[in-house]
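The values are calculated or read from the model by the stated rules, or taken from the named source; none is laboratory data. Keep in mind it's a predicted model, so treat the numbers as computed, not measured. All Cβ positions, glycine included, derive from the backbone under ideal geometry; neighbour counts span all protein chains shown.
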């Protein structure tokens, strides 16, 4: 069955520190992977996506993610966190040309402390 | 990037009334749009897939007679919550698939969401 797991419900980091948000997926076909960010009361903004090719993907706002097929993971990273990065982060997988379903993880809430 | 708008951003209504939420793709044509519901502190739950010119496809457990979806044009889909009740209060988010982005048009762009409060 297709699913996305974000093991960390909530993470707190200091401003300027590095960040890694974990995402593991289970998907029958070749996965298309996404990271979205949601600020309070707002919709989702696409940070980055992976379809194929280079497994290290660069996104907006200084984020990057690495696809590791052997670990079924697509972790999001940022070398230096800014206070404005505080938000909810969602990992998602799909859809492919086999269907429309888009599976979201439960999200990781990021708090940034001064 | 592609832009998707939603209107209204916030609505309060009385129990028993109907509420219509619009979702528009502003700079691309979307043959497929999606409607999600998000409860506080939870992830998005896909409610239905809206296909231009045909009936929407509803996910299991979603009442099609309560959540009416119309995708009348390539840039507009509407979700109507009929006879709303307090338990329908939620954050509703639409997304649109841009067929021009990605190998199979997989990228979805999300609207800013509509917060519905039913009194």
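Residue by residue, here is whether (1) under 29 Å from residue A:35 (Cβ atoms); (2) touching a helix residue (DSSP H, G or I) at 6+ places or on another chain (Cβ under 6 Å); (3) part of a loop (DSSP other than H, G, I, E, B) holds:
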{"position": "B:11", "(1), (2), (3)": "no, no, no"}
{"position": "B:17", "(1), (2), (3)": "no, no, yes"}
{"position": "B:27", "(1), (2), (3)": "yes, no, yes"}
{"position": "B:36", "(1), (2), (3)": "yes, no, no"}
{"position": "B:41", "(1), (2), (3)": "yes, no, yes"}
{"position": "B:63", "(1), (2), (3)": "no, no, yes"}
{"position": "B:77", "(1), (2), (3)": "yes, no, no"}
{"position": "B:84", "(1), (2), (3)": "no, no, yes"}
{"position": "B:87", "(1), (2), (3)": "no, no, no"}
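What about residue A:33, is it touching a strand residue (DSSP E or B) at 6+ places or on another chain (Cβ under 9 Å), on the phi < 0 side of the Ramachandran plot, crowded, with 21+ Cβ neighbours inside 10 Å and more than 14 Å from chain B (Cβ to nearest Cβ)? It is false that residue A:33 is touching a strand residue (DSSP E or B) at 6+ places or on another chain (Cβ under 9 Å), on the phi < 0 side of the Ramachandran plot, crowded, with 21+ Cβ neighbours inside 10 Å and more than 14 Å from chain B (Cβ to nearest Cβ). Residue B:92 falls short on exactly one of the conditions (1) part of a loop (DSSP other than H, G, I, E, B); (2) touching a residue at least 60 places away in the same chain (Cβ under 8 Å), and that condition is (1). Could you please find all residues in the range B:10-34 being within 12 Å of the chain's Cα centre (by Cα) and within 12 Å of chain A (Cβ to nearest Cβ)? Across the range B:10-34, the qualifying residues are B:23, B:32, B:33, B:34.
Based on this model, can you work out whether residue A:81 counts as over 24 Å from residue B:4 (Cβ atoms) and either at pLDDT 95 or above or facing chain B (nearest Cβ under 10 Å) (or both)? Yes; evaluated as a whole, the condition is true for this residue. Applying the criterion of at least 3 residues that are within 13 Å of residue A:65 (Cβ to Cβ) to the strands (runs of 3 or more DSSP E) found wholly in the range A:8-49 leaves A:19-21, A:33-38. Being loosely packed, with under 11 Cβ neighbours inside 10 Å, within 11 Å of chain B (Cβ to nearest Cβ) and under 26 Å from residue B:113 (Cα atoms) is a property that residue A:60 lacks.
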